[in-house]
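Worksheet: the structure to be examined is printed underneath.
The values are calculated or read from the model by the stated rules, or taken from the named source; none is laboratory data. Keep in mind it's a predicted model, so treat the numbers as computed, not measured. Neighbour counts are summed over all protein chains in view; Cβ atoms, including those assigned to glycine, are modelled from backbone coordinates with ideal geometry.
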Amino acid sequence: MAPEAVLSVAILMLVCIGVVMVYSASSASALLDAANPSGMLLRQGIFAVIALIAFGVCARVDPAMILRLGRPALLLAVGLLLVVLVPGIGLEANGARSWLGLGQVQMQPSEFAKLALIVWLAAYLARNAGRLGTWEGLKWPLGIMAAMGSLLMFEPDLGTAIVLLSAAFLMLVLAGVPGRILGVLAAAAAVLTAALIVAAPYRTARLRSFLDPWSDPEGNGFQVVQAELALGSGGVSGVGLGNGLQKVNYLPEAHTDMIMATIGEELGLVGVLGVIALVGVVIWSGYRIAMAAPDLRLRLLAGGLVSLISIQAVVNLGAVLGLLPVTGVPLPFVSYGGSSLVVLTAASGILVGISRRSRGRRLSVVRDPAAPGGDRRRRDRRAHHAGARAG
């Protein structure tokens, strides 16, 4: 089966699982709060439809056209990241000013910024491939990365900044930036991250709760402890879909970044491994598409998109399983949230479009006798058959 077909099936399954689990994780709490128990189901269902439409559109658009949109998309993304910081315009939740309100709909500009940066970087790095061995050749990519990371930290949203900059760093690796430069960048990023954690008491407390969540189970370690209880309660097969208890005003953000804990409680180890396997299929298919891309621009674009998905999945799963500190990053395609769902599903559609055009180009080279080597292959084949008949 072609990698784009495998990718499409896995994405569809994850989106459907997400809609079901968002309803399961949110309905009981909404009912207790005298709200509509189907409210989040309806919203996530609408987001899923929009996301799948975006997937289909992006799969059919020429990737070269998407690359040409990189610069205006980047300018728009930076503008939105600035607007969201304006008091009275940006909406604040959980201590971060990360949303813009559009009537009854809220959007998160940082999700669009991830996609915009990757598209712009792919075009820029491919166009300047011969200049990436010097700091001068990297001043624009590094400057844009620093600017977007800084804007995200003003919200503040360290988790999204880590995901965005990590995906961009992997694109630099794929573009062939020398190891000496990559080493300096990695060391600088580590020092800066440590400084940001130390500078904010709540981040230090979150790191401490990650190292020992049971030292403060009613305070900073509450979310991690409740996630562990949910996963432990599920066992191998789970307590049954809809029968989980931790989601009922015990586990914070049970329908967003902690949705895997809800899956673990209700569907057990089987459900957790099933979702991880589907995410793994998406990542595996995406990297196959990136490696088969016919030119550097498309390889960088595909590699950046699948790196974004894989890094976000690792950060989320690591937090839920207690392997990484909690950062509030949603699980791709599954967690509640329209911005993340639409952007990542559209990114997957771009991967499908790249794969289709890569396969079409390979087929045209094989079938076109005017292609370089085409006549030679045909002559060699005729000579082989003639020799066989003579023998």
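Brief remarks follow.
- Yes/no for ILE89 being of a type in the set (Val, Ile, Thr) and more than 28 Å from LEU305 (Cα to Cα): yes
- Residue that is nearest to the chain's Cα centre (by Cα), among those in the range 200-221 that are assigned to a helix (DSSP H, G or I) and farther than 16 Å from THR327 by Cβ: PRO201
- Residue within the range 256-274 that is without any contact (Cβ under 8 Å) to a residue 40 or more places away in the chain, over 18 Å from the mean Cα position of the chain (by Cα), assigned to a loop (DSSP other than H, G, I, E, B) and more than 30 Å from GLY353 (Cβ to Cβ) present: no
- Residues in the range 216-234 that are in contact with a Pro (Cβ under 9 Å, 6 or more places away or on another chain) and without any contact (Cβ under 8 Å) to a residue 60 or more places away in the chain: ASN220, GLY221, PHE222, VAL225, GLN226.
- Test: residue in the range 127-149 that is modelled with pLDDT of 90 or more, of a type in the set (S, T, N, Q), surrounded by 12 or more Cβ atoms within 10 Å (Cβ to Cβ) and within 22 Å of PRO332 (Cβ to Cβ): no
- A search for C-beta distances below 6 Å between a residue of the range 235-253 that is surrounded by 14 or more Cβ atoms within 10 Å (Cβ to Cβ) and any residue that is of a type in the set (Val, Ile, Thr) and not in a loop (DSSP other than H, G, I, E, B), counting only pairs 6+ apart in sequence or on different chains, returns GLY244/THR262; LYS247/THR262.
- Each residue in the range 21-48 was checked for being within 22 Å of VAL342 (Cβ to Cβ), crowded, with 17+ Cβ neighbours inside 10 Å and not hydroxyl-bearing (Ser, Thr, Tyr), and 9 pass.
- The number of residues in the range 83-108 being in contact with a Pro (Cβ under 9 Å, 6 or more places away or on another chain), hydrophobic (A, V, I, L, M, F, W, C) and in contact (Cβ under 8 Å) with a residue 24 or more places away in the chain comes to 3.
- Residue count for the range 226-240 satisfying the condition of being within 26 Å of the chain's Cα centre (by Cα) and either of a type outside the set (D, E, K, R) or assigned to a loop (DSSP other than H, G, I, E, B) (or both): 4.
- Yes/no for VAL281 being in contact with a helix residue (DSSP H, G or I) (Cβ under 6 Å, 6 or more places away or on another chain), of a type in the set (Val, Ile, Thr) and under 30 Å from LEU245 (Cα atoms): no
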